[in-house]
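Trainee: Have a look at this one before I ask anything.
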Amino acid sequence: MKKISILGSTGSIGVNTLDVVDRNPGKFEVVGLAAGRNIEVLAQQTKKFKPKMISLHDTSRLGELRQLIGDQKVEILTGVTGATQVATLPEADIVVSAVVGCAGLVPTYAAVNAGKTLALANKETLVVAGELVLRAAQGKCDIIPVDSEHSAILQALNGENRDRIRRIILTASGGPFRTYSLEQMEHVTVKDALKHPNWDMGDKITIDSATMMNKGLEYIEAKWLFGLDTQVDIIVHAQSIVHSMIEFVDTSIIAQLGIPDMRVPIAYALSYPDRIDCQLPSLDLSALSKLTFEPPDFTRFPCLQLAMDAMNIGQTMPAILNGANEIAVQAFLDGEIPYKDIADIIRLAMNNHNPRPVTCIEDVLEADRWAREETRKLITVTL
């Protein structure tokens, strides 16, 4: 039985992870849960799965959480320190990192340093600190991607020599604005941007999909996971059935197909290198009318190019990209800026930054702090 700690247990990935655990009794035991501020869901999860330790990021709701849990025996911690303790529980075999954004960096990095197998859904950890994380993991622990695209690549690579790769092909749904003109995109609303055609995700990730920043972040993550010198191409695949592909040196292409359900890559990460029954419906190939592929439009989706530029520049620039994006997306969700300003504000923050080497986690955290402060200033100017 594998013992699991989950960072971000009340978000979509965390909830789906616990659903996979629930569908496979006797295979997994939940020993730790860390959440942000959703005390109602955290309390329900605690009562059902009976972890040894839980952590709540929002310290102001600790009293309410204790009341909801009642007299159940569980150690309750708070803040980044608490999440880090959940991530480094001695009995945990696997840590599922599912916190959205750079907030997951410190506990995830701690899990790697503690030698835990990492099921990584928090792509921002590798975006902002890829070199540090991979160096810490080397010879100590495995990093198993949970993103459907990177899970597909891992599965397609099964038994293959990575020297045989010609290129990785990341698929992107294109989000809700795939067919919109530039003029139409001038007037999109938050409600429009939150209508993803294929996936049910949290608000931040859904907006990132609408801007295609999510694919840009996944581009950076793929570079770190599968080799910095590996060619990574992006292709828009509206149906989200082909989750990604690998082309080998002989021009053969291996693709991983499946229903668009995050429980599939989660189950693969938890059971790797084995597979478990997800008790989900099979992909009905006969019902598919067509599978389409088209190149991304960098003019309508400039965030994709910004992410590639940040990766090419390296050093602290990916941390600036990520921090600026998190602030700009939240400003859009809060109605402070229009959709079209997200990319412009990120670009300005990147232009205003002087990249520096990343030698320790403090370098990343300082770059993230600077990016957020600078982006808030830029937003204030546009208001």
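Trainee: Take every Cα-Cα pair in the stretch 2-145 and report what % of them are more than 22 Å apart.
Mentor: 31
Trainee: Report, in debye and to the nearest 20, how large the dipole of the stretch 62-209 comes out about its Cα centre when Lys and Arg carry +1 and Asp and Glu carry -1 on their Cβ.
Mentor: 360
Trainee: Quick one: the Cα spread of the chain along its three principal axes, in angstroms, biggest first?
Mentor: 57, 51, 41
Trainee: Same structure, new question: Strictly greater than 13 Å: what percent of every Cα pair in the stretch 210-259 meets that?
Mentor: For the stretch 210-259, the share of Cα pairs beyond 13 Å comes to 67 percent.
Trainee: Among Val74, Val86, Val31, which one moves the most in a GNM of the chain with springs linking Cα atoms closer than 10 Å?
Mentor: Answer for the Gaussian network model of the chain: Val74.
Trainee: Moving on. Do me a favour and compute the ellipsoid semi-axes for the stretch 123-270 from its Cα gyration tensor, root of five times each eigenvalue, largest one first, whole Å.
Mentor: Largest first, the stretch 123-270 gives 27, 18, 15 Å.
Trainee: Continuing with this model, one more query. Could you check the spin-label model distance between Glu366 and Thr292? Points 7 Å from the Cα along Cα→Cβ, value in nm.
Mentor: Modelled inter-label distance: 4.9 nm.
Trainee: Treating the stretch 210-361 as a set of equal point scatterers at the Cα positions, no solvent, please give the Debye-formula log₁₀ I(q)/I(0) at q = 0.11, 0.13, 0.20, 0.21 Å⁻¹.
Mentor: -0.58, -0.79, -1.30, -1.34
Trainee: Quote the charge dipole size of the chain about the Cα centre in Debye, to the nearest 20; the model charges only the Cβ of Lys and Arg (+1) and of Asp and Glu (-1).
Mentor: It works out to roughly 720 debye.
Trainee: Also: Lys47: which lysines have alpha carbons under 18 Å from its alpha carbon, excluding same-chain residues fewer than 8 sequence positions away?
Mentor: Straight-line reach from Lys47, under 18 Å: Lys3, Lys73.
Trainee: Could I ask something else about it? For the stretch 1-53 and the stretch 105-139, what is the centre-to-centre distance using only Cα atoms, to the nearest Å?
Mentor: 20
Trainee: Could you point to the residue in Gln72, Val128, His57 farthest towards the positive end of the stretch 2-145's charge dipole, with +1 and -1 charges on the Cβ of Lys/Arg and Asp/Glu respectively?
Mentor: Of the listed residues, the answer is Gln72.
Trainee: Hey, another quick one. Can you list the lysines whose alpha carbon is less than 27 Å from that of Lys195, not counting same-chain residues fewer than 8 positions off?
Mentor: Lys123, Lys204, Lys215, Lys290, Lys340
A short reminder: the numbers here are calculations on the coordinates, not readings from a lab. A quick note: this is a predicted structure, and the numbers were derived from the prediction, not measured. Using ideal geometry, Cβ is built from the backbone for each residue, glycine included, and neighbour counts are taken over all protein chains shown.
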